[in-house]
1. Which of the residues that make up segment 292-308 are surrounded by 15 or more Cβ atoms within 10 Å (Cβ to Cβ) and either basic (Lys, Arg) or in contact with a Pro (Cβ under 8 Å, 6 or more places away or on another chain) (or both)?
2. For segment 292-320, which positions are farther than 9 Å from SER265 by Cα and not in a helix (DSSP H, G or I)?
3. Of the numbered conditions (1) surrounded by fewer than 17 Cβ atoms within 10 Å (Cβ to Cβ); (2) more than 16 Å from the chain's Cα centre (by Cα); (3) at pLDDT 90 or above, VAL318 satisfies every one except a single condition; which is it?
4. Looking at segment 58-99, which of its residues are over 24 Å from the mean Cα position of the chain (by Cα) and buried (at least 20 other Cβ atoms within 10 Å of the Cβ)?
5. Pick from LEU215, LEU222: which is in contact with a Ser or Thr (Cβ under 8 Å, 6 or more places away or on another chain) and part of a helix (DSSP H, G or I)?
6. Pick out, from segment 1-89, the helices (runs of 4 or more DSSP H) lying fully within it that include 1 or more residues that are at pLDDT 95 or above and aliphatic (A, V, I, L, M).
7. Would you pick out the residues in segment 130-150 that are among the hydroxyl-bearing types (Ser, Thr, Tyr) and touching a Pro at 6+ places or on another chain (Cβ under 7 Å)?
Amino acid sequence: MMKKLHFDIRDIPACARLGLSARKIWIFFKALLLSWMVWDLLVYLGFLAADPGGLGSRIGSGRLLPLPSGIFWQSWQAVALLALAGLFILAILMVASLKVCRVTFEQIRGDDFYSGRDAAEFARGNYKPVFATPLAILAGLLIAVAAFALLGLIGRIPSAGPFGVALLSVPCWGASLLAVLAAIALAVSFCLTPPIVACTRGDTFETIFELFSSLTAQPWRLALYTLASLVTRVLGFAVFLAFSSAAMLFYSRALAIGLGGSPASTLAAGLQTLAPEAVGSFSSLSDAFGLVAGAPLWTGAAGALAAVSGVIVTLVLVSYWFSMGSSAWTLVYLAVRHRKDGEDLLQRAEDEDRRAFEKKYGSADESKRSGQAACAEEREGSAGS
């Protein structure tokens, strides 16, 4: 059954509930794990390119999450590999967001059985606008920069150059305003493009149009809804962290009855154990309230396995944060689109599905069926005469 929306700020807090979905968390969990692997591979390749002899010490200090530092920044190959890692990770997260936005859209429509496999199939057929939209905006900005740089070169022509630049100053100022708007659209596109594609199945042109029209037609609502979603996500994440700490405490105390000890503290310190350079002495997300801190840490193979398990729990928690974010942006776009164009995208999707069904199987309406039969008989009679 389709969920009823108000298409305003009252819908936004639902992102905490919609984000708490095993399917959506699993989608982002896989994306974060793949992103982590890409980061490790390309950053360590960067250290290898910068200083082959020092790779061993870097692995010892960075372990499973190295950070670029020192000689890394002195090698252009290493910096290029880091930029490539950032692009890959951004692409992975945007595709994951597209999947989660589509699952959220179908869930709001009432299809609670829309699976991750269905979302992956949708993403395979509709991923191009997700990448093409920010690339097109970026290309426009680069063209603007190149045009102004060319104008600057023309301005170096003696006598006539400065006169030409001065003459074109007002048009250039107007073009700069559009460039600033494009820069804002580029920043917002990484969050808003996936829900636009997920809700409309639009191509690149439609996605760009919807992105700019949303920014220009409803800027204050877009900002207000984004702020409301951020507050909701922070509160929802804090509640989830509290439940995680309570679960750690329950696990620790219950297991200690039979075992005499508990690996819960090792579990909670998993990220510090496997990524000490990145997090240092940062308090564990899985035990954010420190309910199991202070117990001795396990060592050896069992301790390493417990630390890996702690990292998995941390990734689940972070995945919930991202899942809430994609769910929130889906709600934000549905509300902004309704306010902007007066269009209910949920109802439009229902109408499209019904038309596709009737085209394939015929109308379910008996009056329409009888009308179609009468028309068919009339055509047959005319042909016979």
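The values are calculated or read from the model by the stated rules, or taken from the named source; none is laboratory data. Keep in mind the model is a prediction, meaning the values are calculated, not measured. Cβ placement follows ideal geometry from the backbone for every residue including glycine, while neighbour counts extend to all protein chains displayed.
1. TRP298, GLY303, ALA306 - these are the residues of segment 292-308 that are surrounded by 15 or more Cβ atoms within 10 Å (Cβ to Cβ) and either basic (Lys, Arg) or in contact with a Pro (Cβ under 8 Å, 6 or more places away or on another chain) (or both).
2. Across segment 292-320, the qualifying residue is only THR299.
3. The failed condition is (2).
4. Correct list: ARG58, GLY62, PHE72, ALA78.
5. Details: LEU215 fails: in contact with a Ser or Thr (Cβ under 8 Å, 6 or more places away or on another chain).
Criteria check complete, one pass: LEU222.
6. Values: elements: 14-19, 22-50, 55-62.
Counting at least 1 such residues, we get 14-19, 22-50.
7. Filtering segment 130-150 down to residues among the hydroxyl-bearing types (Ser, Thr, Tyr) leaves 133.
Listed by number, the list is empty, since nothing qualifies.
Here is a yes/no grid of residues against (1) within 18 Å of PHE209 (Cβ to Cβ); (2) modelled with pLDDT of 90 or more; (3) loosely packed, with under 13 Cβ neighbours inside 10 Å:
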| position | (1), (2), (3) |
| --- | --- |
| GLY161 | no, no, no |
| SER169 | no, yes, yes |
| TRP173 | no, yes, yes |
| VAL180 | no, yes, yes |
| ALA185 | yes, yes, no |
| PHE190 | yes, yes, no |
| THR193 | yes, yes, no |
| ILE196 | yes, yes, no |
